[in-house]
1. Explain nothing, just compute: Karplus ³J(HN,Hα) = 6.51 cos²θ - 1.76 cosθ + 1.60, θ = phi - 60°, for every residue of the range 82-97 in order, whole Hz, x for Gly and Pro.
2. Please list, in order along the range 143-155, the HN-Hα scalar couplings obtained from phi with the Karplus expression 6.51 cos²θ - 1.76 cosθ + 1.60 (θ = phi - 60°), rounded to whole Hz, x for Gly and Pro.
3. Could you work out the local net charge near Leu91, counting Lys and Arg as +1, Asp and Glu as -1, over the other residues with Cβ closer than 10 Å to its Cβ?
4. In the P(r) worked out for the range 128-190, what percent of Cα pairs fall beyond 13 Å?
5. How big is the gap, in Å, between the Cα center of the range 37-106 and the Cα center of the range 132-167?
6. Quick one: what Rg and Dmax do you get for the chain from the alpha carbons, in Å?
7. For the chain, modelled as a Gaussian network with Cα springs under 10 Å, which listed residue fluctuates most, Thr32, Thr109, Thr77?
8. Roughly how many debye, to the nearest 20, is the charge dipole of the range 127-190 about its Cα centre, given +1 on each Lys and Arg Cβ, -1 on each Asp and Glu Cβ, and no other charges?
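Each reported figure results from applying straightforward, stated rules to the coordinates on display, with no laboratory input. Not measured: the values here are computed from a predicted model. Here the Cβ is made from the backbone with ideal geometry for all residues, glycine too, and neighbour counts use every protein chain on show.
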Amino acid sequence: MKYYILFGPPGAGKGTQATAMVEKYNLNHISTGALLRKEIAAGTELGIQAKTLIEKGCLVPDEVVEGMIENEFKTVTGVDGFLLDGFPRTLPQADALDQILARNGSEVTATVSIMIPDEMIMERIKGRALKEGRADDASEDIINNRIVTYHNQTEPLIEYYSKAGKYNEIDGIGTIDEVRDRIFSVMDKF
Ligand code: AMP
C-alpha cells in the first residue's frame, strides 16, 4: 500500500490535481476538508462543531481528523494506496499518522507538495469561491486567517518530512496540465 500526502497552502490546486493522481495510481482520495463539509451538510454533531471553526479559518481539533483518517483506512479496499489531501496539517497529526501506519507495518510513502507564493493564494481562492461557493472562501479575513494558520501550524511539516527524506516539492505555478505532469514525474519514482 502506498500512502501519499498531498501538501501545499490553501488554493495551491490540491483538490484539482488529486483527481488525476487517484486515477493514474489507483488511489483512494481522502480529503479531510471534504469529509468535514459532508458532516456539515448532514447536520451531524461533529459537523455543527466543525462549522464554527472552519468558517473562521481555524483548524478543527487533531483528534477529530485523526479519527476520520483511521476510519477511512479501515473501510476502503481495492486500491493500491491512499492520497491524503489536507491531512496532516499539524505536527501532532503527522505524528499520529506515523503511529496509525506503523501499527499496520506501513509508513508514509512520499509527500508531494504543490507550492505557490502567498500573493497567489488570495487570487486563486477568490476564483474558486465563484465556482464552488465554499463558506470559508467567502471573505478576505477568513482567507487571511487560513494563510496565517498554514504558516504557523502546517508549514513546520516541511521540515518534518524533509528530515524523513519524504518531502518532494513541485512548482504550482503554471497550467493544470503542466503542474500535473510535474507531479506525475515525482510519483513515478515510487
Ligand atoms: P480544505 O478543504 O482542506 O481547505 O479544508 C477546509 C477546512 O477544514 C480547513 O480550513 C480546516 O478548518 C478544516 N480542516 C481540513 N483538514 C483539516 C485537518 N487536517 N486538521 C484540522 N482542520 C482541518
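1. Taking θ as phi minus 60°, the curve returns 10, 10, 8, 10, x, 8, x, 10, 9, 4, x, 5, 5, 5, 4, 4 Hz for the range 82-97.
2. After applying 6.51 cos²θ - 1.76 cosθ + 1.60, I find 5, 4, 5, 5, 5, 4, 4, 4, 4, 6, 9, 9, 4 Hz.
3. Surrounding charge for Leu91 is -2.
4. Summing the P(r) of the range 128-190 above 13 Å gives 74 percent of all pairs.
5. Comparing the Cα centres of the range 37-106 and the range 132-167, I get a distance of 15 Å.
6. Values for the chain (Cα only, Rg and Dmax): 15.8, 43 Å.
7. Thr77
8. So the magnitude is around 240 debye.
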